[in-house]
1. Please enumerate the residues belonging to region 367-393 that are in a helix (DSSP H, G or I) and of a type in the set (D, E, K, R).
2. Among residues belonging to region 258-282 that are of a type in the set (Val, Ile, Thr) and part of a helix (DSSP H, G or I), point out the one that is farthest from SER307 (Cα to Cα).
3. Any idea how many residues of region 450-462 are under 23 Å from the mean Cα position of the chain (by Cα) and surrounded by fewer than 16 Cβ atoms within 10 Å (Cβ to Cβ)?
4. Could you check, for region 49-67, whether at least one of its residues is open to solvent by less than 50 Å² (accessible area, probe 1.4 Å), touching a helix residue (DSSP H, G or I) at 6+ places or on another chain (Cβ under 7 Å) and part of a helix (DSSP H, G or I)?
5. Can you name every residue in region 198-207 that is crowded, with 16+ Cβ neighbours inside 10 Å and assigned to a strand (DSSP E or B)?
6. Restricting attention to region 394-416, report how many residues are surrounded by 16 or more Cβ atoms within 10 Å (Cβ to Cβ), touching a helix residue (DSSP H, G or I) at 6+ places or on another chain (Cβ under 8 Å) and either β-branched (Val, Ile, Thr) or not in a helix (DSSP H, G or I) (or both).
7. Filter region 283-299 down to the residues that are outside any helix (DSSP H, G or I) and open to solvent by 70 Å² or more (accessible area, probe 1.4 Å) and list them by number.
Amino acid sequence: MSISFAPPAMRAAASDLAVSVSPLGLIELSDEEHEVHGQRLARYSSYWAAYLGYMWAYRTAPGETQVTANYAKALTEYAVNFSFGRGVHFGAEKKYQHVVPALLKRIWEVDNHKKALVWEMGLQGGVSGDAFVKVAYDPGWTDTAKNRHPARVRILPLNSAHCFPEWHPHDRERLLKFKLKYRFWGVGTDGTRMAYTYTEVLTADTIAEYINDQLIEGPGIVNPRPNPLGQIPVVHIPNMPVPGSPWGLSDMQDILGLNRQYNESATQISEIVAYHAEPVTVVLGAKAANLERGAKKVWSIPSKDASISNLDGLVDLDGPIALLEQIKRMMHEMTGVPETALGQVQAVSNTSGVALAIQYQSMVQKDTLKKLSYEAGLKKINELALRTLFLFEPEALRYNPETEGIQSDDQDAEIDPRDPEVYLTTCEWPAPLPVDVLVKLNELQIQMELGLESKRGALKALGEEFPDEKVQEIFEELKKDVEEQGALDMLRAQINSAILQETGIAPDGVNSPEPATPASEGAPATSPMDLGLKPQNDAHAILTELVTQAHGTRTPPRRNSENDPAQESR
């Protein structure tokens with residue numbers, strides 16, 4: 001059940017129904033809903049049925065073959081993995097790069113599972129043609145075991161068949177009202193298990209929730225209630241935009257008919273093979289009832305005119321098999337997925353990135369077009385998520401040096417939520433095709449040597465989401481290395497001084513000092529500090545350690561026989 005801005009009392013009342021939502025639950029449509037959305041929902045139903053493997057419009061008799069090769073599902077999932085399998089990185093305006101990227105990282109990766117969410121959006125759009133995403137705030141709560149669950153901003157991909165948007169008649173980017181409607185199973189007050197219909201109606205001003213067309217009511221529940229965000233927290237993403245239409249195209253649209261034809265032809269070929277695997281026996285001039293069938297049987301027929309033979313099949317399967325290959329090739333051409341992409345055996349080679357891009361050119365072009373739509377949707381989701389976070393957690397507006405980025409002198413310690421630049425984010429998609437890291441590093445190294453690229457730019461090119469923090473991390477590591485090396489040099493100098501003081505011989509690699517002149521009367525004596533040693537105990541400890549290692553170990557301490565039980569027993 002989707003989370004809304006409902007107060008705890010309302011959510012508790014809804015949870016009493018022991019909600020169990022069906023992912024493809026059917027809903028009852030009103031006449032108006034059927035007229036506006038009926039054709040779209042029928043299209044969704046057809047696509048999802050095919051994705052789940054239900055491609056046949058009829059059932060065969062028991063025992064008959066019905067081949068189902070679900071290329072529509074395989075090709076659709078490949079397209080989704082190609083576009084969204086590597087995830088996406090978000091950036092912000094330079095003015096707010098010290099705060100906003102860290103907040104987006106918290107929303108997407110701590111409060112939610114970023115890669116799974118993006119993949120689910122892509123799959124919902126790839127199959128249905130439309131993806132709907134809702135942004136909500138889930139307050140912190142404590143379970144019965146007294147474990148505290150922190151508050152979080154939720155990003156919820158919705159089932160497109162449960163969404164009923166209403167746009168402005170002259171502006172398709174302006175959402176006037178959104179209705180979320182689905183059925184679920186629950187337990188009534190009498191203990192009977194029954195189906196309920198949940199409906200949530202969102203506008204920029206109000207939020208209303210219904211169970212079976214009745215407003216949810218209860219103690220402390222205000223329904224309908226004001227919408228604190230001031231806008232509808234739902235984003236619609238068309239998979240492949242269609243000019244003049246708010247709805248998108250499914251990746252399965254062009255291949256569903258071909259896939260069904262492929263299955264029908266494959267089933268016919270399978271029936272032919274099965275028929276001739278057990279051929280019909282033709283008996284002339286004898287009674288078949290007197291002939292025993294089976295291996296190692298001997299037939300004795302008194303009539304010399306009798307003849308027995310198998311009915312030979314004169315069907316040439318080369319044509320039907322060629323038809324199957326042609327249909328499969330057409331499905332690959334319609335989707336842009338190369339035939340070798342689904343596991344077909346091919347020679348292994350170190351194909352260059354350019355050659356690989358040419359081989360997948362049609363797939364790359366489709367990927368570019370699709371990401372234009374999803375990028376706009378993700379930017380809108382980021383805006384709604386940030387506004388929701390600022391609304392319920394105002395402390396997030398203040399810069400936190402422990403968990404957020406590096407602040408420069410021209411960046412404010414507290415951001416203004418009314419500034420539109422706060423919500424201007426960017427989407428950076430990793431390359432969908434494999435990249436040779438060594439080649440990429442050599443290219444970046446040459447650019448940096450020529451002064452055409454910076455370290456920060458090189459890190460971004462290598463897929464680093466937070467290059468400033470990475471540069472700072474590298475600097476701190478180099479600084480620590482220098483400090484540790486300096487400490488080693490200081491220790492080495494002290495050890496050399498100790499050796500010189502003890503033996504009068506300079507260690508290897510150390511220049512011999514000039515002979516010391518006798519100290520004049522009243523002149524201060526040479527101290528350990530003059531030799532680079534620490535005074536008193538530290539210098540004595542170093543000398544002792546060096547003498548011990550140079551002239552032999554110390555005599556190990558012996559156990560006192562008076563207190564040793566083993567000695568007493570002897």
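The values are calculated or read from the model by the stated rules, or taken from the named source; none is laboratory data. Just so it is clear, the structure is predicted and the values come from calculations on it, not from any experiment. Note that each Cβ is placed from the backbone with ideal geometry, even for glycine, and that neighbours are counted across all protein chains shown. What goes into the accessible areas is simple: the full protein's heavy atoms, side chains included, and nothing from ligands, DNA or RNA. Shrake-Rupley method; radii C 1.70, N 1.55, O 1.52, S 1.80 Å.
1. First pass over region 367-393, keeping only residues in a helix (DSSP H, G or I): 367-392.
Residues satisfying the conditions are ASP367, LYS370, LYS371, GLU375, LYS379, LYS380, GLU383, ARG387.
2. Residues of region 258-282 that are of a type in the set (Val, Ile, Thr), as a first pass: 267, 269, 272-273, 280-282.
Restricting the remaining residues to those that are part of a helix (DSSP H, G or I) gives 267, 269, 272-273.
Working: THR267: 34, ILE269: 30, ILE272: 26, VAL273: 26 Å.
The qualifying residue farthest from SER307 (Cα to Cα) is THR267.
3. Total meeting the criteria: 1.
4. Yes; the residues of region 49-67 include at least one that is open to solvent by less than 50 Å² (accessible area, probe 1.4 Å), touching a helix residue (DSSP H, G or I) at 6+ places or on another chain (Cβ under 7 Å) and part of a helix (DSSP H, G or I).
5. TYR198, THR199, GLU200, VAL201, LEU202, ILE207
6. Counting residues in region 394-416 that are surrounded by 16 or more Cβ atoms within 10 Å (Cβ to Cβ), touching a helix residue (DSSP H, G or I) at 6+ places or on another chain (Cβ under 8 Å) and either β-branched (Val, Ile, Thr) or not in a helix (DSSP H, G or I) (or both) gives 4.
7. Residues satisfying the conditions are LEU284, LYS287, GLU292, ARG293, ALA295, LYS296, LYS297, VAL298, TRP299.
Each row is one residue, and each column tells you yes or no for (1) part of a helix (DSSP H, G or I); (2) farther than 30 Å from ALA102 by Cα; (3) at pLDDT 60 or above.
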{"position": "ASP468", "(1), (2), (3)": "yes, no, yes"}
{"position": "GLN472", "(1), (2), (3)": "yes, no, yes"}
{"position": "LYS479", "(1), (2), (3)": "yes, no, yes"}
{"position": "ARG492", "(1), (2), (3)": "yes, yes, yes"}
{"position": "LEU500", "(1), (2), (3)": "yes, yes, yes"}
{"position": "SER512", "(1), (2), (3)": "no, yes, yes"}
{"position": "ALA519", "(1), (2), (3)": "no, yes, no"}
{"position": "THR526", "(1), (2), (3)": "no, yes, no"}
{"position": "PRO535", "(1), (2), (3)": "no, yes, no"}
